Every structure is written in structure tokens, then in C-alpha cells.
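Asks: I have a structure here, written as C-alpha cells, and I will follow up with some questions on it.
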Amino acid sequence: MRSSLVPAALFALFAHAAPCPAQKVYKDPKYGFTFKIPRDFNRVPVNMDEKWVVAKFLYKRPLEGKIDFIQMTPEIRVIIFPKFDPKDFSKRRIKTKKGRRTVIQLLENPYRNYKEFLRENYNKGGWHVAEEKETKIGKFPAVYKKILVNQKLRGSDNISNVIEAWEIDFQDATYVLQFEVLADYAHKFRTAIKKASKSFKMIPRTEALKTPTSTAGSVEVTYGKKGKSATKTPEERRRERIEELERIKEKARTTLPEGWSFFKKGPFLILQNKKVDKRFANRVAKQANLVWKWLHENLDYIGEDFAVGAVIRICNSAAEANAYIDTSGKSAYSARSREIVIYKDRDFGFAENSWRMNVGLAQRFLADKNMRLWYSLPPWLDDGFVYFIGNLKMKGSRLLPKPDEWDMEILRDRLRKNEFKKAREIVTSKYGKSYNSLNDRVQSLAINHFLMTKGKKHKKYRNIIPDYLGTLDRRIRQLEKEWRRALEEARREAEKSKKKDGDDEDEEKRAWYTKWKEKRNKIYEECLKEVFGSWTEKDWENFDKDWKRAFKKG
Amino acid sequence: MKNLLSASTLLGLALLLPASLPAGPRAVVSLRLQDGAGKKTPPQRPGPGMISLKDGRFILEKPIRKVKGGLEVLYRNGKVLVPDSMILDYYSPDTTLQYTPKNEIERKRLAKGLVPIGRRWVRKSLAEREMRKLTEKRKKEIEEQKAHRLWRNRYIVETKDFIFEHNLPLPLFKELRELFEVYLKTFLKKWRKKPHLPRKPRINLYADHGDYSQISGAKGGIVGWYHPMTQELHLYWDRRDPKFTINVLFHETNHLLSDMINGDFRYPDWIEEPMAEYYGASKWNPRAKDKTKRMTMGHVQASRLAVVKTQIKEGEKLKLKDMLRIPDFGAVHYAWGWTFIHFLMNSKKYAKRWEKYYLDLAHKKTIRRKPLYGKVKTVTPETAEKLLLKYLRVKSLDALEKEWYAYIDSLEIEDVDGYAAAGRHFRMLGEWKEAKKYLKKAVDLGVKNPYAYMAYADLLGTSGKDRKEAIRLLDKAISLDPLEAEFRYRKGRLLLTFHDDKRKQEGLRLVRLAAEMNPEDWTYIHAVADIEEEMKREDRKNG
């Protein structure tokens, strides 16, 4: 008996005496590499659309700058640049003509190297390579780079971040192991990171390394006819969207890293970091479904199409959410258009993420229902209406429209100081002209809030938003028809003069786009005429009084 | 028989060399001497050399040959002549020159194996040894110049008034440094205020836009910036448009200089930015003998004027009252603001009054200011408006506005560079007719910027007379900057629109040459692949 207890006790003792967990080894058979993850770094998911970064790891907690007010969670990335001949790549560009249709394979030039990648993607400050030397990782040649990041644009003299990177030449591709940390802590991680780089090894790949070119999509340009998707029925488009969403959901499920789970609720697939409690995840799912229902009840009239749902990803921290959202350029853009990323904010609660989720859902809904209208909203509706939806808060099983406290504070302050413009000015303002300031945005929010709440009880104001959106939709459709006609005419002209169609058509397009703003502004004026045309000066005055009164009373 | 000598170090050699030898660029010059019998040695393919250009570009590892008027770079798809005026330095392991003996004595000396150095004739072996040393030295110097392009090896130069950090070619930097010094003097003389900044301003000059945006962190359309907290200025050299670079430099440096004399006061945007624009339109003539006349102010900002004229045409005049209250002062407002300041500074009636207003806003103690951030203060739009009326002695903004609009109507673009700038700007705005009008004027007046020719060629059609004219314009652009691949590419593309094989083949050659000259830009590589593919398809079709 005694003898059998001794080893167990000893084991327990050793386990406590050595609190440092063993270094984990990360193996990626798909991309054929392995390395030892430094202690306290955890793998986080990589965006589904990402094409260059194949693995990301975050330190257990964010670190605060010692001199500048700055915060950052140390991060490790593995980035791959497959090698290829640009000429081979260009041969794979496909441009085929099928009668009146031209199918162009949409391929983007891949990044040629790490420097180009950083130049186009790094956005945390200015940077330069302070040190560069040739080295070896295993038997492979490598280049070590120490990159210093500055915040000169923010008026700081100090180096804020340090990036250490090893570009390892693995014959058919360059693998980059990149580590980034606040400059104040760089020395603390130096040994661990160096060890990690030394442990970087190639293992046999289970899949052939894909060059980024193999993932291209295609676009179909059809002259004289409506686009392929425009000729389909709403039901057909719905089926297509559902299929697309299912593909994304499937990808989201299969690429979930360790420590994540998922569940379905209504039209949403909820992905959650297991460190986020179930109660919070359920609350998110419930609110998402309520907002979705609200959107259907209040905005179904804006288009004949169907909104199909989304993927909601709940991260454990802001750092994890940011690392996930941060996707390199020249990646795909499909999953992102259907995915909403939020996180559990343990410091400031759900308010900000609730807003982010609502806005994400509204954007998804509006884009599915009527993309054309969604992209054409005037500034007062684009800001105010979407803000209003963002501010819907769940109480029990109901949604309450409640402006954010910060917005309310500005609102009350400006009301007190009588700093708001006349409502007429806000409603008639155009992009880039006299509509710019924070005041205007807050005022738009207030007007929309009023129209969607207390204003609904007022006969004169009840239908302002539906009427405006309806008119705008009609006009935009008309404009689209004109655009197609203009394109067709350009093509015919080009054929007549036997010119190379590409150049002239481009010129036509450019000319059309420059006139677009003019046309759009004209449309806004027509909408105003139709919706507010019968309003007298007195009506506008009353409207100003009414919306302000609604907020003064709270 | 091959003798190598250096022109730059072995003094006096120039006396013996033909007049066509580069006077500007320092170069390793080698001599190929004719043998006594006067037989010419057969031409050899030169080895890979290097050229360092005055605008900061380098041509590396390409065979180069010295020819009359410059250097020839031998690409696989054609030769490109780089004129002496563009070259800063070059190195070629075997550039050769013919030395023809002038008389019988020289012929005899050559036959004996002697080589002319200065006024002396020395043994060939001695000259060769000297030449090898110099060749190596020159090679190293060019490599060093290239290494200085890396920001970690940048030059740091401290002068009496500024600290410069840069990775520019040294002669170019020297010119810019002088510009900064003259600008400072001119500015201080004008406003008669003593400069006081907590520290010496640091001026960062980057060799190109890529370095600038990467290192300074500027994104989007920011073409230069000054930060009042660090007193740092960040600018880059745009070799494609030096005039524009100088404009930006004058503009951004104005923020620094204004900061120097105005301390903790910040002007409202409608004064700060247009004043910088006013100075931004200054011209710089480094060749003027009188140093004080190298910088001239108050010229017309052609591209800004183009914006304002377009807006007026579209019936979108900016109200003066609105301008004084714009919270986010954008590019369009810069243009309107510049016309306003230009109007005031050029008006006999208002110039002095405006200058007093400008200084008093920042310095007069009795003016009420509001805190902006930290110690820094500004004035409210209401105060600025009230004082503007008081200082200019006008009754209302409307009256002033009328005069201002009338002044804008009278403004005209004043020179060839202005026409080019306006034309290119109109082109960017999609105003083809206006763009054509101004670019044609610029081209007719012989503008020096090759991109103006390209822009005009771009606006012309691709058939008949237009096409021929476009090719002529692109040829002109090529002659002004023979190393710009884009011009060859565009000319190649145009030639490909013809139906005869000869022109098509020439078009393909030019596109290939562009791809070879600038392999970094994949547009050309893709274009070559596309054209080759298309030609093959046509060949198959024609049997």
C-alpha cells in the first residue's frame, strides 16, 4: 500500500514544483511545417478568407506600453509566399468571349515577397528594417529581419513595436515566422522567440501547396442584357444565397481550432470560443434572432429578395477578434460578407458589441433584400437609420430603441446649446457637402430615432422613411437601366468605329462614373420633392420642434 | 589593345578625350586605343555595369556602353539611350572609347604601348593598374549609394536650423537643403518674427513614395505631412513630377515655419491650409544667380484653380461664410481657400490688412482665444469672422465674397507647367474636353514633364490622325525620360492596334522591353503573355 502511494505523491509534488507548462508543438500537415509555440501563446482562428497567413498565435494577455499610451497582445504569425514565375501566372488569366458575354477570370497578382506583403498590409504605424542578416533554419537558408515600428504620424518619437521575422526559403515557397510585440517588452521575449524560430521544421505536406492564383473567382460582363443574377427570380437568388451560406457555415465548422464550439439558432450559426460562457452565447443568439425578426417586420417592403442569415463568431477578447478580422489584402472576400465578429467585453459589457452585431445584421439584411438601395442611401439615412438599428437593445424578449449614452450626452449638450442645424438642412444635405461633422451624424440619428418611434404615431411623419426608401429605390432602378443603355451604346459605337473595345468602353465608364455623383444628387432632390414636396416652412418648423421635444422629454 | 583610364581622378585626361565625354556625371572612363595601323578592334558585348541616376534611380547589372551623348543600356529587347544629363555616376567594367592619334608622333607612341594621361604618356601596364583600382573604387561608391537608399543607412545632416534625415542622391539633397534655407530666410523676412520652437525641426526626405508611406506611416492621399508635436516634416521626392514635389515641399514646410513663429497658436483650417497653399505655389529656380531670387511666391496653383473653375461651372460656389466654418477641410476646400488667400495677398487694398490680421490672430494679446489641446489655442469661427471684417474694413462677408468671386473669374493659368498640371488634374476629374485643351497648350509650349505628353496621348483616340499624334507624343515622352517603361508600353500598345505585321512586331518588342525595364510591375509581364497568346491565336486562325 505504502509503496504504491509514494510515486503518486512524488508526481504530484513535482507537478506543483514545476508550474511551467511544457512548450506545445504546433504541427500543420496541410502546409507542411511544425514549430514549438513559445510558452503562454495560444492558437487563434485565422479568417476564413485569408490566403497568406496560415497560423496565428496570441500571448495570454495584452501588454501596456511603458511610455506611450498603447496596448498590444504579442502575436506570432506564419505567412507563406509560394514561388512561381509571373509569366506562368499571367498565362492562367482567362478571358473568353461567348457571344455578347465576356468572362474574365478575376486574378490578382500575388505578393512576391514579405516586404511587398508588409508594405501593403501593415497598418499599425510606419516601419523600417533596422537589421537584416542571412542565417539558417535547419538546413534551409533564411533571412532574419528586425523591423522597428514608429508612431510618427501620431506625434510620437518612440519606437512602439518591434517585429522579428525569419524568412525561410523552403525551395517552392518562402515561409515567414513573424513575431510582433511592444518595443518595451521585446527583450523579454527574445530568447523564447529565437528558440521557436530554431525549432521551425518542414514536414511532409498532406496537400499540394496552392498558389494564390488557384482560388480566383470569375466575373461575367454581359453587354446589352441584364446581368446573370438580375435575370433570375428572387426565389432562385434565395436558393443561391442559401447554398453560399451553407458552404461558408461548413467551412467555419471544419476550420474551427481547438477550444471552439458551435451551435445553430434560427438562420444563424454561432461559433464561440469555449472560454466565453454559454449564457453570453445564448444571449447573443437570442438578440440576433430578435433583431432579424425586427428587420423583417419593419423593412420587408424594401425589396422582393430574401435575406438568408449569417455566421456569428464570438471571440474571447478584443485581441482575438481583431486578430481574426485582420485579413491580408489579396485574400478572398466571400465568408467575410456573411460573418459577424464580436467578442465578450469583460471591461465595458455588451453595449458596443451589441451595436456591432445589430449593425452587421442590418447590413446583411439590407444587402440581401436590396443591395442597390443599400448602397445608395443619402447621408442622413445611411448614418441615422443604421445607427438606430445598431442601438436596439434587448429587454426580456423585446427590443427597445435606446440611443447610446454617449450619443445621448452629445445630443442633450447640442440641444442645450442649440447647435443643431434645421432638419431640412440635414435631410437635404449631400455627401461631402455641408454634411460632415459629428453634430450632423448625431442629429441624423436623433431624427431617424424620432421617425421610427414617437414620430410613428404622428400621421404626417409615419410614412416618411418608407416613402423615401420607396422613391429612392424606384429612381435607382431607373438609373441602373440608363447605365446599361450607356454601356450598350458605347459598345455599339466601338463596333462601328472598329476600335478596340476595351479602351473606349473604359473611357465611357469613367465618364459615366464622374457624372454619377451629379445624378445621385439629382435623385436625392427628386426624392425630397416627392416625400417633402408638400411641406411648408411651417411644417419644417413643426418637425424641428417635434423631434427636439421627443428628446428633451427623454 | 585595351587601355583603361579614369577621367575623374587622373587629372588632365579630359584634355585628351573627345568633347562628347560626360562633363556632368562622374564616370569610370576607359579607352580603347587604335593600334598603330589604325585598324579598329571588333565591338565586344560589354559586361554588366551600373548607372546611378540623378533622380535616385539605379540601373544594375545591365550591359552598358558609352556612346555620344550618354550611355546605352543594352536590354535583350532593345537599346535605351540614357542622356548624360540624367546620369549621376556610372560604372562599366569595359566601356570603351576610341582614341585616334592626332599625328605621327602620337601614332608612334601608341605603337610603343604608351598611353596618354594628362600631358604625359605612360606605360600601358601602369595605366591599367591605376584603372583597375579606380574601377573597384567607383563600383564600391555606387554600391554605397545604393546602400544609402535603405533607411537604416540614411544620411543624417544637422545644419544651423534643421536636422535632415534622407536617402536621396547627394546632389539632389544639396539642392533641397538650399531650398529649405532660402525658404526659411524669405519667410522670416516677410513676417518679421523670431522663430521659437522647443527643438530643432527634423526634416525627413524619402527617395520615393514607397519609402515615404512605409516609413512615415502616411496612407491614402497624404503626399507630405508636418506634425506640430514632434516638429517633424515628412516629404518624398517624386521623380515623375519634380514640380509637384516642390509644391508639396513648400506647402508642408509652411506649416513648420508658421509653427516656428506662431508658437502655441493654431490657425483655423481655412487660414492654415490655404496660406500653406499660397506658399505651396512658390517657384524654385536653383540656377538664379541672385540667391534671394531663387524663390518666388504668389504664383497660380493651376490644379487648384482647375478644381474651383469646375465647381463654378457646375454651379457649386463655396460661400465665404460656409468656408469659415467647415469642420473637415478637404481637398476642394483647399482649392477655394487658396483662391481666397491669393485674392487677399494680391490685392492692393487688402494685402497689408490681411497680413496684419494674420499676425494679430496669433500674437495680439487682447484677442480672445479658445483652447484646442494642451497649451495650444485657436479662435472660434465667430471671432475669426468678426475680426476679418474689422481688419479688412468691409461691411459684410457678402461684399467681400463678391470681390473674391470676381477675382477668381479673372484668374488664369500663367505658365506651361500650370497648363500641364491643370490638364492632368482635369483628366483625373474626368473632364476630358478641358483636359485636352490644357494639355494641348502645355504640349504646344514644349512642357518638360514627359507625363504631360503621356496624359495627352492617352486622351487622343486610337485611330487615324489621333493615333499618329499619340505615337509622336509618346516618342517625345520617351526622349524626355528614356528609362520610364510605361511610355514604351503605351507606345507598344498603340502600335499593336495597327493591322500590319511590322508595326505589330514592333509593338510587341516595346511591350517586352517595358517588361524587361521594369520587371517589378507585372502589368507588362502579363501584357506580354496576353499579346503573345493573342498573336498565336491569330496565326492559327490565318493558318
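Throughout, read-outs are computed from the coordinates displayed, never taken from laboratory work. The structure presented is a predicted model; accordingly, all values stated were derived computationally and were not measured. A quick note on method: Cβ atoms are made from the backbone with ideal geometry, for glycine too, and the neighbour counts reach across all protein chains shown.
Asks: Relative contact order of region B:272-430, please, whole-number percent, based on alpha carbon pairs below 8 angstrom and at least 6 residues apart. Mind dumping the intermediate values first?
Replies: Working: 142 pairs, mean separation 45.1, N = 159.
Result for region B:272-430 is 28 percent.
Asks: Roughly what would the spin-label model give for residue B:175 and residue B:383, points 7 Å off Cα along C-beta, in nm?
Replies: My value for the distance between the label points is 4.4 nm.
Asks: Is it possible to state the helix-based mean residue ellipticity at 222 nm for chain B, with each DSSP H run of 4+ residues giving -39500 (n - 2.57), the sum divided by total residues, to the nearest 500 deg cm²/dmol? What is it?
Replies: On the way: 20 runs with 271 residues, N = 543.
Taken over chain B, the calculation gives -16000 deg cm²/dmol.
Asks: Let me ask something else about it. Suppose R0 equals 35 Å; then what is the FRET efficiency for residue B:409 and residue B:321 from their Cβ-Cβ distance, rounded to the nearest 0.05?
Replies: On the way: r = 20 Å, r/R0 = 0.57.
For residue B:409 and residue B:321, the calculated efficiency is 0.95.
Asks: Quick one: of A:330/B:219; B:293/B:440; A:430/B:313; B:66/B:112, which pairs are farther than 20 Å apart, Cα to Cα? Show your work: numbers first, answer last.
Replies: Details: A:330/B:219 18 Å; B:293/B:440 30 Å; A:430/B:313 18 Å; B:66/B:112 27 Å.
Correct reply: B:293/B:440; B:66/B:112.
Asks: I need the fraction of alpha carbon pairs in chain B separated by more than 31 Å, rounded to a whole percent.
Replies: Taking all Cα-Cα pairs of chain B, the fraction more than 31 Å apart is 59 percent.
Asks: Estimate the FRET efficiency between residue A:255 and residue A:67 by the formula 1/(1 + (r/R0)^6), using the beta-carbon distance for r and 45 Å for R0, to the nearest 0.05. All intermediate terms of the calculation are to be shown ahead of the outcome.
Replies: Values: r = 39 Å, r/R0 = 0.87.
With R0 = 45 Å, the Cβ-Cβ based efficiency is 0.70.
Asks: Further question on the same structure: Which angle between 0 and 90 degrees, to the nearest 10, do you get for helix B:351-363 versus the longest principal axis of chain B when only C-alpha atoms count?
Replies: Tilt relative to chain B: about 80 degrees.
Asks: Putting +1 on Lys and Arg Cβ atoms and -1 on Asp and Glu Cβ atoms, find which of B:495, B:167, A:359 reaches farthest to the positive end of the dipole of the protein assembly as shown.
Replies: B:167
Asks: Return the FRET efficiency for the residue pair residue B:109, residue B:139: r is the Cβ-Cβ distance, R0 is 30 Å, and the value is rounded to the nearest 0.05.
Replies: Working: r = 30 Å, r/R0 = 1.01.
Step by step, r from the Cβ atoms, then E = 0.50.
Asks: Once the Cα atoms of helix B:269-280 and of chain B are each reduced to a long axis, what angle between those two axes, in degrees from 0 to 90 to the nearest 10, is obtained?
Replies: The helix B:269-280 is inclined about 30 degrees to chain B.
Asks: Enter the angle in degrees (range 0 to 90, nearest 10) between the Cα long axis of helix B:522-541 and the first principal axis of the Cα atoms of chain B, meaning the one along which they spread out most.
Replies: For B:522-541 against chain B, the angle is about 60 degrees.
Asks: Can you give me the C-alpha center-to-center distance between region B:400-452 and region A:184-208, rounded to a whole angstrom?
Replies: Each part's Cα centre sits 57 Å from the other's.
Asks: Now a separate question. Using the number of other C-beta atoms within 10 angstrom as an exposure proxy, rank A:453, B:292 with the fewest first.
Replies: Numbers: A:453 14, B:292 10.
Going from sparsest to densest Cβ surroundings: B:292, A:453.
Asks: Pairs to check: A:133/A:188; A:538/B:377; A:417/A:519; A:249/A:393. Give those whose C-alpha atoms are more than 30 Å from each other in this structure.
Replies: On the way: A:133/A:188 21 Å; A:538/B:377 41 Å; A:417/A:519 37 Å; A:249/A:393 27 Å.
In this structure, A:538/B:377; A:417/A:519 lie more than 30 Å apart at Cα.
Asks: Extension gain residue A:39-residue A:54, at 0.36 nm per residue separation less the Cα-Cα distance, in nm?
Replies: Details: separation 15, 0.36 × 15 = 5.40 nm, distance 1.99 nm.
Going from the current span to full extension adds 3.4 nm.
Asks: Still on this model: Pop out the Kirkwood hydrodynamic radius of region B:62-187 from its pairwise C-alpha distances, inverse of mean 1/r, in Å to one decimal. Before the final figure, lay out each step's value.
Replies: Details: mean 1/r = 0.0538 Å⁻¹.
With all distinct Cα pairs of region B:62-187 included, I get 18.6 Å.
Asks: Enumerate the lysines that residue A:454 could reach by cross-link, defined here as Cα to Cα under 16 Å, with residues fewer than 8 away along the same chain left out.
Replies: The reachable lysines, counting only those whose Cα sits under 16 Å from residue A:454, are A:402, A:545, A:548, A:552, A:553.
Asks: Give me the extension gain from residue A:274 to residue A:488: residue separation times 0.36 nm, minus the current Cα-Cα distance, reported in nm with one decimal.
Replies: 71.6 nm
Asks: Find, among the GluC sites (Glu not before Pro) in region B:383-475, those assigned to loop by DSSP (not H, G, I, E, B) with at most 11 other beta-carbon atoms within 10 angstrom. Don't skip to the answer; put the middle values down first.
Replies: Working: sites: B:385, B:401, B:403, B:412, B:414, B:431, B:434, B:469; in loops: B:412, B:414, B:431.
Counting only loop positions with at most 11 other Cβ atoms within 10 Å, the GluC sites (Glu not before Pro) in region B:383-475 are B:412.
Asks: Quick one: compute the contact order of chain B, relative version, from alpha carbon pairs under 8 angstrom and 6+ residues apart, as a percent. Spell out each step's value before the answer.
Replies: Numbers: 812 pairs, mean separation 48.5, N = 543.
Reported as a whole number, the value is 9 percent.
Asks: Residue-wise, which Karplus ³J(HN,Hα) couplings in Hz belong to region B:225-241, taking 6.51 cos²θ - 1.76 cosθ + 1.60, θ = phi - 60°, and x for glycine or proline?
Replies: Whole-Hz 3J(HN,Hα) from phi for region B:225-241: 7, 10, 10, x, 6, 9, 6, 10, 10, 10, 9, 10, 9, 9, 5, 6, 8.
Asks: Rounded to the nearest 20 Debye, what is the dipole magnitude of region A:359-448 about its Cα centre when Lys and Arg each give +1 and Asp and Glu each give -1 at the C-beta? Display every interim value, and only then the final one.
Replies: On the way: 17 positive and 11 negative charges, 51 e Å.
For region A:359-448, the charge dipole is close to 240 debye.
Asks: Here is a further query. Could you give the dipole magnitude of region A:234-375 about its Cα centre, charging the beta-carbon of Lys and Arg +1 and that of Asp and Glu -1, in debye to the nearest 20? The partial results should precede the final answer.
Replies: Values: 27 positive and 20 negative charges, 87 e Å.
Dipole about the Cα centre, nearest 20: 420 debye.
Asks: In the structure shown, do any of B:54/B:243; A:30/A:274; B:448/B:504; A:278/A:395 have a Cα-Cα gap over 21 Å, and if so which? The partial results should precede the final answer.
Replies: Values: B:54/B:243 15 Å; A:30/A:274 25 Å; B:448/B:504 29 Å; A:278/A:395 19 Å.
Correct reply: A:30/A:274; B:448/B:504.
Asks: Further question on the same structure: I need to check one value: relative contact order of region B:401-475, counting alpha carbon pairs closer than 8 Å and at least 6 residues apart, in percent.
Replies: Values: 69 pairs, mean separation 17.2, N = 75.
For region B:401-475, the relative contact order is 23 percent.
Asks: Do any trypsin sites (Lys or Arg not before Pro) in region B:310-359 lie in a DSSP loop with no more than 12 other beta carbon atoms within 10 Å, and if so, which?
Replies: B:348, B:349
Asks: Hey, got a sec? Which GluC sites (Glu not before Pro) in region A:232-269 land in a DSSP loop and have at most 14 other Cβ atoms within 10 Å? Write down the numbers at each step before the final one.
Replies: Numbers: sites: A:235, A:236, A:240, A:243, A:244, A:246, A:250, A:258; in loops: A:258.
Answer by residue number: A:258.
Asks: Given the convex hull over the Cα atoms of the protein assembly as shown, what projected area results after averaging over all orientations, in nm²?
Replies: Orientation-averaged projected area of the Cα hull: 58.3 nm².
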